[in-house]
1. Which ones in region 202-215 are surrounded by fewer than 16 Cβ atoms within 10 Å (Cβ to Cβ) and in contact with a strand residue (DSSP E or B) (Cβ under 7 Å, 6 or more places away or on another chain)?
2. Could you say whether any residue in region 148-160 is at pLDDT 95 or above and touching a helix residue (DSSP H, G or I) at 6+ places or on another chain (Cβ under 9 Å)?
3. Scan region 48-89 for residues that are assigned to a helix (DSSP H, G or I) and out of contact with any helix residue (DSSP H, G or I) (no Cβ under 8 Å at 6 or more places or on another chain) and jot them down.
4. Looking only at region 314-344, count how many residues are in a strand (DSSP E or B) and more than 16 Å from residue 288 (Cβ to Cβ).
5. Of everything in region 255-266 that's within 16 Å of ligand 2 (Cβ to nearest atom) and either crowded, with 24+ Cβ neighbours inside 10 Å or without any contact (Cβ under 8 Å) to a residue 24 or more places away in the chain (or both), which residue is farthest from the chain's Cα centre (by Cα)?
6. Please determine whether any residue of region 243-260 is within 18 Å of residue 348 (Cα to Cα) and touching a strand residue (DSSP E or B) at 6+ places or on another chain (Cβ under 9 Å).
7. Sort through 252, 225 and tell me the only one that's free of Cβ contacts under 8 Å to residues at least 60 places away in the same chain and in a helix (DSSP H, G or I).
8. For region 142-166, name all the residues that are out of contact with any strand residue (DSSP E or B) (no Cβ under 9 Å at 6 or more places or on another chain) and in a helix (DSSP H, G or I).
Ligand code: NAD
Ligand code: IPM
Ligand code: MN
């Protein structure tokens with residue numbers, strides 16, 4: 001199989017970890033006889049520096065002509081004081097919207113050998129395997145108006161807006177995932193306050209009738225934040241609004257031990273996807289070869305699974321990550337006490353080597 005992949009390193013540690021994704025795909029190519037061709041383009045701060053535009057047209061066009069996209073991360077203090085339409089983050093929001101990437105899948109999987117990296121008690125963090133399905137192109141991030149208002153400029157507005165169709169398609173995606181996973185769906189909202197959440201809840205109930213095999217529960221977002229770290233094993237698929245999903249996924253990363261462990265897939269309705277870590281550009285550690293590349297590496301596995309339907313190949317990456325963690329290799333974020341501390345580049349090399357060599361393959365991440 002031959003695939004063309006657009007690679008957008010972005011800023012900060014995005015530029016360091018993105019090599020993890022290309023290196024493991026090259027290793028997969030060698031082992032399984034596929035060809036992956038990478039073409040690079042700028043987004044975020046790097047694109048602002050080069051062309052004064054956080055999402056240049058060439059970048060968008062390259063993505064549209066590619067079979068899938070890798071993105072590192074965007075943003076950093078250098079660009080924080082720019083007006084909001086010129087910020088690096090605006091490039092990320094625009095690419096999600098322009099490519100129609102409405103379904104953001106954020107799997108949260110506790111690797112056994114990292115149990116002691118989590119701040120949670122081992123018996124709470126053990127065997128967690130849940131999937132946050134975050135709506136990505138609507139809600140509070142995109143509603144209009146969103147502006148500083150009034151003559152005095154003393155009033156600000158952000159709008160939480162959804163159409164019925166936008167809610168329906170994300171809820172359907174979540175039900176489809178629940179069916180092939182453990183058949184439980186938790187819909188997270190704030191229906192005791194927000195009108196948008198009341199419509200969301202209504203639609204979940206309508207769709208539930210079409211998926212009788214799936215157990216459905218509704219949970220307020222504040223309670224969900226608490227339950228995610230007190231009883232994470234109670235969750236299978238969690239579906240929620242854009243901003244709620246953003247916040248809950250960073251929180252859930254602590255189950256795994258580090259934000260540097262969470263991959264993500266942002267999908268259209270027909271299998272096209274952009275794959276990026278959940279974390280940001282981590283300016284506090286950028287440039288020091290310290291960033292954990294696993295979130296980016298596991299995002300490559302998600303690409304193989306969701307965009308190319310290469311299951312065995314995807315599992316070879318997950319397996320390699322598990323073996324390397326079992327062998328005791330750790331980047332500094334994983335509280336390595338007693339284990340072997342390695343840098344970003346070394347970690348990427350070790351995982352890619354394991355992918356090339358291969359070993360018994362079994363699914364770790366599930367559907
Ligand atoms: P962040 O995710 O960049 O970092 C939060 C904390 O987690 C930091 O202490 C960082 O060192 C640590 N961390 C993150 N990724 C890590 C990794 N791979 N390995 C080890 N440690 C890691 O969030 P922030 O500091 O709030 O934001 C920094 C910048 O990144 C901002 O400009 C923000 O807008 C942007 N951001 C971008 C994305 C994205 O591109 N998808 C996501 C989140 C934040
Ligand atoms: C993420 C990030 C982005 C978001 C920011 C950088 C716009 O936090 O991908 O989780 O809020 O979606
Ligand atoms: Mn986020």
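The values are calculated or read from the model by the stated rules, or taken from the named source; none is laboratory data. Note that the coordinates shown come from a computational prediction; the quantities given were computed from them, not determined experimentally. All Cβ positions, even for glycine, are placed from backbone atoms using ideal geometry, and neighbour counts span all protein chains on display.
1. 215
2. yes
3. Of all residues in region 48-89, those assigned to a helix (DSSP H, G or I) come to 48-51, 57-65, 77-79, 84-86, 88-89.
Correct list: 49, 50, 51, 57, 58, 61, 62, 64, 65, 77, 85, 89.
4. Matching residues across region 314-344 total 2.
5. Restricting attention to region 255-266, the residues satisfying the condition of being within 16 Å of ligand 2 (Cβ to nearest atom) are 256, 258-266.
Applying the additional criterion that residues be either crowded, with 24+ Cβ neighbours inside 10 Å or without any contact (Cβ under 8 Å) to a residue 24 or more places away in the chain (or both) yields 256, 260-264, 266.
Numbers: 256: 14, 260: 11, 261: 10, 262: 6, 263: 5, 264: 2, 266: 7 Å.
The qualifying residue farthest from the chain's Cα centre (by Cα) is 256.
6. Yes - at least one qualifying residue is present in region 243-260.
7. Numbers: 252 fails: free of Cβ contacts under 8 Å to residues at least 60 places away in the same chain.
None of the other options fit; the residue is 225.
8. Across region 142-166, the qualifying residues are 164, 165.
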